[in-house]
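In what follows, a single structure is set out as structure tokens and then discussed.
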Amino acid sequence: MRVFGLALKGIAAPDFNNSVDEAVTLPLGKVQALFDALEAHGVVEVVLAGGVSKASLIGGEVEFDERGRRLLAGLPSLEDDRLLAAMIREFESAGIRVLPQAEWVPELKVEEGVLGAHAPSEAEHLDIRFGLRVAETLGGLGAGQCAIVRRGCVLALETVEGTDATIRRAGESGAVGAVVVKVARPDQDPRIDLPVVGPGTIEAMRAAGATVLAVRAGDTLLLDRSETRRAADASGIAFLGVGAGQASRGGSQ
């Protein structure tokens, strides 16, 4: 299979072109140019990867072309699911199938269990269960995927700034010993916006003093597995994948 990459300027990794057979770089907002490039290269299937800060959309920093403006004008809100679903409809209307993100990289899925050298304490397990309920509620509202809790108290909830920035914000409120929980939304579309963690997550936690990272097994992607585990072990951070039903096994402290 020949892979054509379409990179977003200033967002894609600098070495993105090395991972594909051919690539084009376009500014975010040039929707018509994006589809023109896909058509020119005979693309019939697409996998969406990586994240785009929604703050730039809300702040008006992105200059959209006419097709992009029409797409946004048809939305009642910029809530994640609505925005991404609208983009998928654009792909489908062009005869392009959007594939589930993990279909080609199942090895990136987080498995259930402790993934490093450190395991959570019983008190941290209570916070994990509490944090799962909070994060699942947050996801159901379309607000974010991550919650940071400590001893039954919510320190921070993810909004438009993203997970790493949320963790750093929690550190300003006293996140030493805190538990970071990240989960998919209850009605998560596997084609878009799956939760992702990696070395950057661990580094943000280390700086904030958080001690546990708990993610939903099977629904979360882990980047740079060996480096993430090494960083977690070196920082004394417990890293684990939790199975379905964990949130119901107990309350907050």
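The values are calculated or read from the model by the stated rules, or taken from the named source; none is laboratory data. None of the values given here were measured: they were computed from a predicted structure. Neighbour counts are summed over all protein chains in view; Cβ atoms, including those assigned to glycine, are modelled from backbone coordinates with ideal geometry.
Below are the figures for this structure:
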{"item": "Among residues of the range 159-173, those that are of a type outside the set (A, V, I, L, M), outside any helix (DSSP H, G or I) and touching a residue at least 24 places away in the same chain (Cβ under 8 Å), counted", "result": "2"}
{"item": "Sole residue being assigned by TED's automatic domain parsing to the domain that holds PRO186 and touching a residue at least 24 places away in the same chain (Cβ under 8 Å), chosen from ALA55, ALA94, ALA135, ALA143", "result": "ALA135"}
{"item": "Sole exception among (1) surrounded by 15 or more Cβ atoms within 10 Å (Cβ to Cβ); (2) assigned to a helix (DSSP H, G or I) for GLY29, by number", "result": "(2)"}
{"item": "Selection from the range 64-85 of residues that are in a helix (DSSP H, G or I) and under 12 Å from VAL31 (Cα atoms)", "result": "GLU66, ARG67, GLY68, ARG69, ARG70, LEU71, LEU72"}
{"item": "Candidates ALA37, ALA23, filtered to the one that is in a helix (DSSP H, G or I) and either surrounded by 12 or more Cβ atoms within 10 Å (Cβ to Cβ) or of a type in the set (Phe, Trp, Tyr) (or both)", "result": "ALA37"}
{"item": "When residues of the range 92-112 are limited to those that are assigned to a loop (DSSP other than H, G, I, E, B) and of a type in the set (Gly, Ala, Ser), the one modelled with the lowest pLDDT", "result": "ALA102"}
{"item": "Any chance GLU61 is farther than 27 Å from GLN188 by Cα and part of a loop (DSSP other than H, G, I, E, B)", "result": "yes"}
{"item": "Only listed residue being modelled with pLDDT under 95, closer than 15 Å to ASP189 by Cα and among the basic types (Lys, Arg), chosen from ARG69, ARG89", "result": "ARG89"}
{"item": "The range 141-158, subset in a strand (DSSP E or B) and farther than 15 Å from VAL197 by Cα, residue nearest to the chain's Cα centre (by Cα)", "result": "LEU157"}
